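Undergrad: My structure is below; once you've seen it, I'll send some questions.
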Amino acid sequence: MFWAKVRNFEREFALFCGAKHNIGLGNGLNALHMILRTLRIGTGDEVIVPANTFIATWLALAVSYAGAKVVPIEPNNETYNIDFKCIESAISSRTRAINELFTTSLKVTGGFSTN
């Protein structure tokens, strides 16, 4: 019974978003894990993240799932978002993504991007 409700919600939400599919997940850690697997990010890869992000971001990248190296960037003192001026110097040949996920920012400016 419960799974039928979940499947129904997934279908309705996909229609609402104009997407072909939607997958309901249990939490943000699972969502980040799904994103990283979809992008084939893993051992030997680097992902730039805000130093002040929620712990699930680091767990998904480095400890629990992907095996990627976390490259933390300090936040901008005015917005508390990742400081974009510091990103370029942190990019290496092994950088696969920049996770701009924020939990304490004052102004939302983006999402998850890949190179």
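The values are calculated or read from the model by the stated rules, or taken from the named source; none is laboratory data. For clarity, every value in this text was computed on a predicted model and none was experimentally measured. Every residue, glycine among them, receives a Cβ derived from its backbone with ideal geometry; neighbour counts consider all protein chains shown.
Undergrad: Within region 87-115, how many residues are over 12 Å from the mean Cα position of the chain (by Cα), at pLDDT below 90 and either surrounded by 14 or more Cβ atoms within 10 Å (Cβ to Cβ) or within 20 Å of T38 (Cα to Cα) (or both)?
TA: Adding up the residues that qualify gives 2.
Undergrad: Which helices (runs of 4 or more DSSP H) sit wholly inside region 1-60 and have at least 2 residues that are basic (K, R)?
TA: Of the helices (runs of 4 or more DSSP H) lying wholly inside region 1-60, those with at least 2 residues that are basic (K, R) span 2-17.
Undergrad: Take the residues in region 61-84 that are modelled with pLDDT under 80 and assigned to a helix (DSSP H, G or I), then tell me which one is farthest from the chain's Cα centre (by Cα).
TA: This residue is V63.
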